[in-house]
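In what follows, a structure is listed as structure tokens, so that the remarks can point back to it.
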Amino acid sequence: MLTIHVGAALRRTADGRAVPGDAVAVRDDRVAEVGPLEELRERYPQARVRSWPGTVGPALVHEGALPAAPTPRERVYAVLRSGATAVLADRVADPDLRDAARRSGLTVLAAPGRPAELVPSARADLAVFDDAGTCVATVVAGRAVHRRA
């Protein structure tokens, strides 16, 4: 299954500029291609096109303590709602929290510094932010796991 994710613009790197009209094609759990929406639609005419209300870009790495919540699952979901799809290993040292992170698909990193960019063959971890900087959607390995209503 191939899905093209498009928003008002596409940011290919966490610190790069957003390009209006660009989109990201995702096949299964990987980035298939990044480029102008019209070119991707021509190349993949059977693809599902998912339009998001904001700027699509690479997901974030949550480097701080996980937000407080009643259960490990809810703590992990709070991270996903922020647009992050990776956490640092020392922040999920508790076995229940680490298990919740694993089940949700979060990447657990030994140290900070993972480059956040959308390139072909990379894991399809995306986040969509509106103009106010609020995360409106998070995609983990090609699966939408958070959508703001």
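The values are calculated or read from the model by the stated rules, or taken from the named source; none is laboratory data. If you're wondering where the values come from, they're calculated on a predicted model, not measured in any experiment. Every residue, glycine as well, gets a Cβ built from its backbone with ideal geometry; the counts of neighbours run over all protein chains shown. The area values use the complete protein model at the heavy-atom level, side chains included, leaving out ligands, DNA and RNA. Shrake-Rupley method; radii C 1.70, N 1.55, O 1.52, S 1.80 Å.
Here are the numbers for this structure:
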| read-out | value |
| --- | --- |
| Gaussian network model of the chain, Cα within-10 Å springs - most flexible of 137, 84, 122 | 122 |
| Rg followed by Dmax, in Å, when segment 23-130 is reduced to its Cα trace | 15.5, 47 |
| Average accessible area per residue (Å²) across the chain - probe 1.4 Å, nucleic acids and ligands excluded | 52 |
| R0 of 30 Å, Cβ-Cβ distance residue 17-residue 78: FRET efficiency to nearest 0.05 | 0.55 |
| Acute angle (nearest 10 degrees) that the helix 95-104 long axis makes with the longest principal axis of the chain, alpha-carbon atoms | 10 |
| DSSP beta bridges in segment 48-149 [antiparallel fraction, %, rounded to 5] | 65 |
| With all protein chains modelled, accessible area of residue 66 [1.4 Å, Å²] | 10 |
| Between segment 125-149 and segment 100-116, the alpha-carbon center distance in angstrom | 16 |
| Cα-centred dipole magnitude for segment 1-106, charges only on beta-carbon of K, R (+1) and D, E (-1), debye, nearest 20 | 180 |
| Pairwise label distance in nanometres, residue 43 with residue 144, each label 7 Å out on the Cα-Cβ vector | 2.3 |
| Contact order normalised by residue count of segment 15-135, Cα under 8 Å, 6+ apart, percent | 33 |
